[in-house]
Each structure stands twice: as structure tokens, then as C-alpha cells.
């Protein structure tokens, strides 16, 4: 199954590695990772507003205008098993 990340971008649920808040990309190791992805042409900025999430996949990364919670709910909807609690963790 697929998760809509914004604009015309879909990614397969089984390719998702992580969904992070975009504000975590401003400093530290996450910032270095984003800079490296950008330099290698593996980072896509999706249109539709300011980035709210950084979505890491097996083939690259996307800065999405959707919140991490929205994307997590969409991904959990298609993942096998696993009920989610209020913050998206499986029980």
C-alpha cells in the first residue's frame, strides 16, 4: 500500500524508514544528514506549505507539508496489525 506525502508524491509503506518533525532538521546530526541528502540529490521539498515533516525512505527523503501525526496515521492505516495509541505508538 501507499502513503500520500503531499503534492503528487506517494511512497510505499514498506519503504518508510522514519517520519520526523521537520524542526528537528535545524541542528545536530539530523541537520548534517539533511545536508548530505540534499548534496546527493536525495532530498525532495514537496510543495504545499512550509515543511512540517521529514520522511525518510529506502530511496531518499521528502520534506512534507503534512504533520508527522497525519503521515503516521496514514502509514498505520495500511500496516499489518498494530493498534496505535494517541501519539501513534503501537501497543
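Here is how the numbers come out for the structure above:
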read-out	value
Residue within the stretch 63-81 that is in a strand (DSSP E or B), at pLDDT below 95, on the phi < 0 side of the Ramachandran plot and surrounded by 12 or more Cβ atoms within 10 Å (Cβ to Cβ) present	no
Test result for residue 43, crowded, with 17+ Cβ neighbours inside 10 Å and modelled with pLDDT under 95	no
Residue count for the stretch 64-79, restricted to those that are within 17 Å of residue 23 (Cβ to Cβ) and touching a helix residue (DSSP H, G or I) at 6+ places or on another chain (Cβ under 6 Å)	0
Of all residues making up the stretch 14-48, the number that are part of a helix (DSSP H, G or I), under 14 Å from residue 62 (Cβ atoms) and in contact with a helix residue (DSSP H, G or I) (Cβ under 9 Å, 6 or more places away or on another chain)	4
Considering residues of the stretch 1-13 that are surrounded by fewer than 17 Cβ atoms within 10 Å (Cβ to Cβ) and out of contact with any helix residue (DSSP H, G or I) (no Cβ under 6 Å at 6 or more places or on another chain) only, the residue nearest to residue 71 (Cα to Cα)	4
Close pairs from the stretch 28-49: first on the phi > 0 side of the Ramachandran plot, partner surrounded by 12 or more Cβ atoms within 10 Å (Cβ to Cβ) and assigned to a loop (DSSP other than H, G, I, E, B), Cβ under 6 Å, at least 6 apart	48/7; 48/65; 49/65
Residues satisfying the stated conditions in the stretch 16-40, i.e. surrounded by 14 or more Cβ atoms within 10 Å (Cβ to Cβ) and under 28 Å from residue 1 (Cβ atoms)	16, 19, 20, 21, 22, 24, 25, 30, 33, 34, 37
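The values are calculated or read from the model by the stated rules, or taken from the named source; none is laboratory data. Since this is a predicted model, take the numbers as computed values, not measurements. In this analysis, Cβ positions are derived from the backbone assuming ideal geometry, glycine residues included, and neighbour counts consider all displayed protein chains.
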